[in-house]
Amino acid sequence: MTAETLEAPPAAVPTATPPHPWRELWRDFAKNRGAVGGLALIVAIMLLAVFAELVAPHDPNLTNNAAFLRPPVWQAGGSWSFPLGTDAIGRDMLSRLIHGARLSLAIGVAVVALAIAVGIALGLVSGFAGGVTDILIMRAMDILLTLPSLLLAIVVVAILGPGLMNAMLAVAVVLLPHYVRLTRAAVIAERGRDYVTAARVSGAGSLRLMLSEILPNCAAPLIVQASLGVSTAILDAAALGFLGLGAQPPSPEWGTMLADAREFVLRAWWVVTFPGLMILMVVLAFNLVGDGLRDALDPKLKR
């Protein structure tokens, strides 16, 4: 038996396993400290909204005749029974803010879900079909974009009537053109690629090409736009509530709370400041998360 036959076979070179896509996304997202802070704030407010009945010390609509415009606990005349004070008819501000978080977050998520569903459908049809269909859809979106967003929402609510559901529909109409244009641009960029041509040659129909081949590759910009759209939806819904066209009293929606507190701004600062701060924090948090997702999902920034 020769020496060559007694030699051990060469050891296999270990290959590095690629990281899981979600783990890689979180690694890139976590590099942005502001985005992580915004995500933590959103999670905290969502938990407050989900467990509002357990966390809130009082019923949000319960009035107290002996506690009109009670100041926060750190001011003279404040009480731990109402840590953030009360409004003009004795309702606990903390309880109303917590229950308002549930309402405002539900508005933002529902509006964006409706706008993105319709926007993706119209954008796919417009970008994939082209021709007259593309022209008609895009000219309609251009008409919507020529009007200021708040003015367009006011027009829609004026036609449908004031109310929470009509305000949500109005804000969805305002956000719709952005998703249509974004989806159309992504479809036009993807429809000429080799994988789409290969799927078409293999017998895939138009519906399969749009939903199974093109749409998954257009998801990254849509996810970023959706995270930014939630903050826009909350802000527009609060503006409609402030004008009396959105959620109606006694609903603890933050914009409606601001509208109810206008006449007390000089002698009871807390009834205006705390709802405004909640709107500011939530909108800022969603914008920070959107920036972090954009950085994590953009391949150019990764390179």
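The values are calculated or read from the model by the stated rules, or taken from the named source; none is laboratory data. Model, not experiment: these values are computed from the prediction. Cβ sites come from the backbone with ideal geometry, for glycine too, and all protein chains shown count toward neighbours.
Computed quantities for the displayed model
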{"item": "Those residues of the range 98-134 which are among the small types (Gly, Ala, Ser), closer than 30 Å to Gly163 by Cβ and in contact with an Asp or Glu (Cβ under 6 Å, 6 or more places away or on another chain), in sequence order", "result": "Gly100"}
{"item": "Selection from the range 246-270 of residues that are touching a Phe, Trp or Tyr at 6+ places or on another chain (Cβ under 9 Å) and charged (D, E, K, R)", "result": "Arg262"}
{"item": "Index of the failed condition, Val187 passing every other in (1) buried (at least 16 other Cβ atoms within 10 Å of the Cβ); (2) more than 21 Å from Gly123 (Cβ to Cβ); (3) in contact (Cβ under 8 Å) with a residue 60 or more places away in the chain", "result": "(2)"}
{"item": "Residue count for the range 40-89, restricted to those that are closer than 18 Å to Val265 by Cβ and without any contact (Cβ under 8 Å) to a residue 40 or more places away in the chain", "result": "5"}
{"item": "Exclusive hit being touching a Pro at 6+ places or on another chain (Cβ under 9 Å) and among the aliphatic types (A, V, I, L, M), set Ala238, Ala219", "result": "Ala238"}
{"item": "Residues that are touching a residue at least 60 places away in the same chain (Cβ under 8 Å), in a helix (DSSP H, G or I) and touching a Gly at 6+ places or on another chain (Cβ under 7 Å), drawn from the range 232-267", "result": "Ala233, Ile234, Ala237, Ala238, Ala239, Leu240, Gly241, Trp254, Met257"}
{"item": "Sole residue being under 30 Å from Ala237 (Cβ atoms), of a type in the set (D, E, K, R) and without any contact (Cβ under 8 Å) to a residue 60 or more places away in the chain, chosen from Asp142, Asp194, Asp134", "result": "Asp142"}
{"item": "For Ala186: the one exception among (1) more than 30 Å from Gly241 (Cα to Cα); (2) of a type in the set (Gly, Ala, Ser); (3) out of contact with any Cys (no Cβ under 8 Å at 6 or more places or on another chain)", "result": "(3)"}
{"item": "Unmet criterion (only one of (1) surrounded by fewer than 16 Cβ atoms within 10 Å (Cβ to Cβ); (2) more than 30 Å from Gly90 (Cα to Cα); (3) touching a Phe, Trp or Tyr at 6+ places or on another chain (Cβ under 9 Å)) for Leu211", "result": "(3)"}
{"item": "Qualifying residue in the range 87-107 (condition: closer than 30 Å to Thr183 by Cβ and surrounded by fewer than 16 Cβ atoms within 10 Å (Cβ to Cβ))", "result": "yes"}
{"item": "From the options Val174, Val111, residue that is under 29 Å from Val271 (Cα atoms), within 21 Å of the chain's Cα centre (by Cα) and not polar (S, T, N, Q)", "result": "Val111"}
{"item": "Considering residues of the range 268-298 that are modelled with pLDDT of 85 or more and outside any helix (DSSP H, G or I) only, the residue surrounded by the fewest Cβ atoms within 10 Å (Cβ to Cβ)", "result": "Trp269"}
